[in-house]
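Comments concern the structure below.
The values are calculated or read from the model by the stated rules, or taken from the named source; none is laboratory data. Please read these numbers as outputs of a predicted model, since none were measured by experiment. Backbone-built Cβ (ideal geometry, glycine too); neighbour counts: all protein chains shown.
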Amino acid sequence: MRALERHRKLSAIWASETGFRGWFSTVNHNDLGRMFLFTAFLFFIIGGLLAMLIRVQLATPHSAFAGPEIYNQIFTMHGTVMMFLFAIPTFEGLAIYLLPKLLGTRDLAFPRLTAYGFWCYAFGGTMLIVAMVFGIAPDGGWFMYPPLSSAIHSPGINADFWLIGITFVEISAIAAAVEITVSVLKYRAPGMSLEKMPIFAWYALVTALMILTGFPPLILGSVLLELERAFGLPFFQADLGGDSLLWQHLFWLFGHPEVYIIFLPAAGVISTVLPVMCRTTLLGYGWIVSAALALAFLSFGLWVHHMFTTGIPHLGLAFFSAASTLVAVPTGVQIFAWIGTMWKGRPELHLPMLHILGFFVTFVIGGLTGVMVAVVPFDWQAHDTAFITAHLHYVLFGGFVFPIFAGIYYWLPHFTGRRQFFRLGELAFALVFSGFHITFLAMHWAGLLGQRRRISAYAPEDGWTTINLISSVGSFILAIGIAMILIDVLLHVFTARRSRRNPWNASTLEWAMITPAPAYTFASLPQVSSRDPLAREPELATTLARGEGFLGTPRDGLRETLAVDSASGRPEMHVLYPANTRLPIIMSAVTGLFFLSLLLKFYWIVPLALAGVIVLAWKWVRSLGLRDDPAMQPVGHDLNLPSSATVERAPGWWGSVFLLTANGTFFAALLFGFAFLWTVAPGWPPPVWFTPSVAELALGVAGAVIAPLAMRRAIRRNRAGDAPLFSVLIALSGSAVLGIACAALMLRAPAPTEHAYGSTLLVLGGYGLFHAIIAALMGGFLARQIRCGYTSAKRRAAFPIVALWVKYTSITGAIILLAAHLSGMLS
Amino acid sequence: MLAGAAAIFGLVMILLGLSFRNRRSSGEEAGQIRVWILGLGLGFPALVLGALLAYGLVIGERLVPRQGVEAVQVSAQARRWEWRFTYADAPALETTGVLHIPAGRPVDIAITTADVIHSFWVPRLAGKLDAIPGHTNTLRLEADAPGTYQGVSAEFSGAGYDGFAFEVVVHDNSGWAAFLRGQPE
Ligand code: HEM
Ligand SMILES: [Cu+2]
């Protein structure tokens, strides 16, 4: 088969539908990565326009441009859009587009999940923007502190848009994080062991793991606050046993890691682009990986530095201050490793390099002011002033936007298949760089002079007039620069010429293909034997296009790839991808219906939407079933691999592990909330305690013990060729009994609207019941698969997945029952 | 602190600039790792931060209320958008928008709120401390000289936040006594 013929055949298999209809049914990472990036940049423009409005408002004293009601919406939406709708999705888009190419494979682990995540993001983001257009956008600041955001002080629907819209968007972050984690661990080119992975993949992996453990506390906080607003469960009301500090803990438990979730991907871009710009390799690869891991780990121990002024006990202050300064060490390792890389090579001043220099200058200043505010007495003065806003922009703009611009210019030839030749880019950089520093150096100064953040007006006597005017002028220079970058990119897309392959002489695999990237990504998969495959084999692209790698022969219109052993990169299983489908967009529309009906308080739609989600999810997984035992699959080079339906740990098992990691974090945050309220909140002990029932407790725990044991037995019997159906039904019943015990807990929770104790028990019971229902549904699904002949001793992949969920449900359910009943007994 | 930060920034910029010199640094990778990563990356920040941390803790120690000293007790309660102050030495007194304290004596301010979160901030006298529903936070401050100081609430509290300010009037001994008797000079 000639290369061209292979190209045609593979393109036919992998292509999305033609025209705009393709957008709705595509599951291909090439499309979805671009759609993510495009949408994220739309939101960047919206956020940027809002920033301009802020600077217009603050340019003059006693500004009459917008009153506080509107202005409060503007800055809240600016922060919210930038953090949730621009920064995180940009990382997701970049990772979704690049990872399969960097890792030498054809797509991500769960293509339909990618699409589902995208649509959740698009719909959720749209909800917020619509709210803004109607002037009912959230207005409590991007961290939404209750009681300001509680029903009494924010009675409108504004805050609900934030809580519900952002939670909807967060689904996409969790989906992408599961996707990225499993892809990096399992979907790589044969031979690519962990230490041969391109550095960006490491950063993406660490970031994804951080999303899985960083976002759940915020999701929990949003759920609790929405429950308080909608149904009066007083989690954050001090007079009813709640505590507004709980929100601050949950928010910053997310909020601080969030900063590193934003920074790390950008650091991944720098670690990828910088060595290429310096014609060398990265200095200290292993050190950088360790530094990223250390940063991720440490960043979960710092959240309290956002709460230094809340009256945290003295010892706590010292500890978190120390931890906050400590985090500068791994950051320092990365910075100096990059400078060392520059010394090692010969840096050339291409456009990406200019933006990287912009990063260095800006981010180092941001890091230094960050260390300053980690010093508690200084923070007591600087907190909540313009100094902090300036600092956070040095970190976010320096640590994210500059690297992303570098990445755009670096990968632009890849997206458009063309290469830049204008000088516009240099001029734009100069404007962005100088505009940024004028704007935010001035804001540091205003902050030191005592200008608070989030004020909509100040008086001439305050003495901030000139500084603010300078800052506003700077921000318009910055805006013009960004507009020029946008124009530059559009010009490239429409006018530039086709480039040669690998224009930067890079050594990573994303350049081993024609550009723009074909739908199938690689015509055949490479065998990787070093960290810089293209440096070793400059002709790799041609070899792969000739089909000389793995899976070079298109078969039966199937989308094929292979998955590897995580550590060694040894090929492990053969994987078939689903084809184009509208299921993801429909599923996310129904999910959106669920959120929308909560938002508009059409509660009778909620169960309908939930039922819709369940039906669609059932359809989703049903399409994975096989009627007959698949044979060993030939993947080329005389290698035969088992099908993913016949292995113990199928992709779905890995996906479940990481989804449950996020879920477990959510649960741990919920338990933390319970303990926090109990020990710290002022209104305790509650007037009435839960009446414990030994019978309920014993029954529920028995169900929790039996279910996983029965699943284990089902797995064993199935493997031995015996009928597993009965054991699966036992497991299902065990989960159901556990669910009943949780439901009883919910029904008997003492006066949930009168004290946070009762509300917490209600939510704990609800969590247990929800999971028991999921476990029972999964058991029911498995039972049906068994009856209809979709499983066999070989086709066993579904069993361990169900077992995993059942086990999780049992463990969390048992903890819930114990926590509730013991709290009643102790009192 | 600012000078130190500027020096570190300068150092990084110089290192960055020097990398563009038209020569390659010699030596193999192991040596470069020792210099860049172990030396500059790990050692240097650890040293600087250690010093900074110690400094911060010592200063912080001094700012925290200590037992044994007898302090004037006042309470500050915030609500949207007004501060009310009461005085342990004159239980009948309540002032709105103006806090009176004596000069040269430690004052403990018990900060609470009647509605949302606020923050008590008199930049020239002390750092911020939040007023959080259900909690009482105590701020120790000491004004050296009589006079009038501007204070603001420094936690966003909705529509009236812009103008949410108050004043602190610091009295000398006789002025303070007169104030407590309910007869300001
Ligand atoms: C495009 C240039 C940008 C300009 C001119 C700008 C300007 C501003 C200004 C003036 C404020 C302060 C409002 C106040 O007084 O409290 C602000 C707040 C904020 N900005 Fe930006 N910004 C820009 C980009 C970004 C980016 C890229 C991000 C994040 C990735 C971001 C995140 C935030 C956040 C989180 C806040 C705090 C909002 C709040 O207080 O609730 N900004 N921005
Ligand atoms: Cu932080």
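Within region A:145-166, track down each residue that is within 20 Å of A:Pro234 (Cβ to Cβ) and under 20 Å from the mean Cα position of the chain (by Cα).
Selection gives A:Trp162, A:Leu163, A:Ile164.
Which pairs turn up if I take residues in region A:288-307 that are farther than 24 Å from B:Arg34 by Cβ and look for partners that are among the acidic types (Asp, Glu) with beta carbon separation below 8 Å, at least 6 apart in sequence or on another chain?
Filtered contacts from region A:288-307: A:His305/A:Asp379.
Pairs needed: first member in region A:422-447, in contact (Cβ under 8 Å) with a residue 60 or more places away in the chain and within 14 Å of chain B (Cβ to nearest Cβ); second member anywhere, near ligand 1 (Cβ under 10 Å from one of its atoms) and outside any helix (DSSP H, G or I); C-beta distance under 6 Å; at least 6 residues apart or different chains.
As it stands, the answer is A:Gly447/A:Thr385, since those pairs meet every condition given.
Would you be able to say whether some residue in region A:495-507 is assigned to a helix (DSSP H, G or I) and surrounded by fewer than 20 Cβ atoms within 10 Å (Cβ to Cβ)?
Yes, region A:495-507 contains at least one residue that is assigned to a helix (DSSP H, G or I) and surrounded by fewer than 20 Cβ atoms within 10 Å (Cβ to Cβ).
Given the options A:Ile740, A:Ile715, name the one that is buried (at least 17 other Cβ atoms within 10 Å of the Cβ) and either at pLDDT 95 or above or not in a loop (DSSP other than H, G, I, E, B) (or both).
Just a single option satisfies the conditions, and that option is A:Ile715.
Of all residues in region B:19-33, which are at pLDDT 80 or above, surrounded by fewer than 18 Cβ atoms within 10 Å (Cβ to Cβ) and in a helix (DSSP H, G or I)?
None - no residue of region B:19-33 is at pLDDT 80 or above, surrounded by fewer than 18 Cβ atoms within 10 Å (Cβ to Cβ) and in a helix (DSSP H, G or I), so the list stays empty.
Of the residues A:Val259, A:Val273, A:Val269, which single one is more than 16 Å from ligand 1 (Cβ to nearest atom), more than 11 Å from every other protein chain (Cβ to nearest Cβ) and in contact (Cβ under 8 Å) with a residue 40 or more places away in the chain?
Exactly one residue qualifies, and that residue is A:Val273.
Can you tell me which residue among A:Leu822, A:Leu817 is farther than 22 Å from A:Ile614 by Cα and crowded, with 21+ Cβ neighbours inside 10 Å?
Being farther than 22 Å from A:Ile614 by Cα and crowded, with 21+ Cβ neighbours inside 10 Å holds for just one of A:Leu822, A:Leu817, which is A:Leu817.
When you scan region A:104-136, how many residues do you find that are surrounded by fewer than 24 Cβ atoms within 10 Å (Cβ to Cβ) and within 16 Å of ligand 1 (Cβ to nearest atom)?
Number of matching residues: 2.
For region A:226-256, enumerate the residues that are more than 16 Å from ligand 1 (Cβ to nearest atom) and more than 14 Å from chain B (Cβ to nearest Cβ).
Correct list: A:Glu226, A:Leu227, A:Arg229, A:Ala230, A:Phe231, A:Gly232, A:Leu233, A:Leu250, A:Leu253.
Hey, among the residues in region A:290-305 that are more than 12 Å from chain B (Cβ to nearest Cβ) and away from ligand 2 (no atom under 16 Å from the Cβ), which one's surrounded by the fewest Cβ atoms within 10 Å (Cβ to Cβ)?
A:Leu293
Go through region A:143-153 and give me each residue that's touching a residue at least 60 places away in the same chain (Cβ under 8 Å) and within 12 Å of chain B (Cβ to nearest Cβ).
Across region A:143-153, the qualifying residues are A:Phe143, A:Met144, A:Tyr145, A:Pro146, A:Pro147, A:Ser149, A:Ser150.
Listed here are the residues, each with its yes/no results for (1) outside any loop (DSSP other than H, G, I, E, B); (2) more than 30 Å from A:Thr76 (Cβ to Cβ).
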site	(1), (2)
A:Leu469	yes, no
A:Ser475	yes, no
A:Met484	yes, no
A:His492	yes, yes
A:Ala519	no, yes
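State whether the residues of region A:184-196 include one that is touching an Asp or Glu at 6+ places or on another chain (Cβ under 9 Å), of a type outside the set (S, T, N, Q) and either part of a loop (DSSP other than H, G, I, E, B) or not assigned by TED's automatic domain parsing to the domain that holds A:Leu295 (or both).
Yes - at least one qualifying residue is present in region A:184-196.
Yes/no matrix, rows are residues, columns are (1) within 14 Å of chain B (Cβ to nearest Cβ); (2) closer than 21 Å to A:Glu170 by Cα; (3) within 16 Å of ligand 2 (Cβ to nearest atom):
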residue	(1), (2), (3)
A:Leu49	no, no, no
A:Gln57	yes, no, no
A:Ser63	yes, no, no
A:Tyr71	yes, no, no
A:Phe75	yes, yes, no
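Is at least one residue of region A:370-393 hydrophobic (A, V, I, L, M, F, W, C) and farther than 19 Å from B:Leu2 by Cα?
Checked region A:370-393: no residue is hydrophobic (A, V, I, L, M, F, W, C) and farther than 19 Å from B:Leu2 by Cα.
Look through region A:337-362, keep the residues that are charged (D, E, K, R) and either more than 10 Å from every other protein chain (Cβ to nearest Cβ) or in contact with a helix residue (DSSP H, G or I) (Cβ under 9 Å, 6 or more places away or on another chain) (or both), and return whichever of them is farthest from B:Ala30 (Cα to Cα).
The qualifying residue farthest from B:Ala30 (Cα to Cα) is A:Glu348.
Being crowded, with 18+ Cβ neighbours inside 10 Å, of a type outside the set (Val, Ile, Thr), assigned by TED's automatic domain parsing to the domain that holds B:Tyr161 and at positive phi, is that true of even one residue in region B:127-138?
Among the residues of region B:127-138, at least one is crowded, with 18+ Cβ neighbours inside 10 Å, of a type outside the set (Val, Ile, Thr), assigned by TED's automatic domain parsing to the domain that holds B:Tyr161 and at positive phi, which makes the answer yes.
State all residues of region A:328-358 that are more than 28 Å from B:Val48 (Cβ to Cβ) and either in a loop (DSSP other than H, G, I, E, B) or not assigned by TED's automatic domain parsing to the domain that holds A:Ile270 (or both); if no residue qualifies, say none.
Those that are more than 28 Å from B:Val48 (Cβ to Cβ) and either in a loop (DSSP other than H, G, I, E, B) or not assigned by TED's automatic domain parsing to the domain that holds A:Ile270 (or both): A:Arg346, A:Glu348, A:Leu349, A:His350.
Counting just the residues of region A:308-325 that are assigned to a helix (DSSP H, G or I) and either within 7 Å of chain B (Cβ to nearest Cβ) or of a type in the set (Asp, Glu) (or both), which one comes out farthest from A:Ala292 (Cα to Cα)?
Checked region A:308-325; the qualifying residue farthest from A:Ala292 (Cα to Cα) is A:His314.
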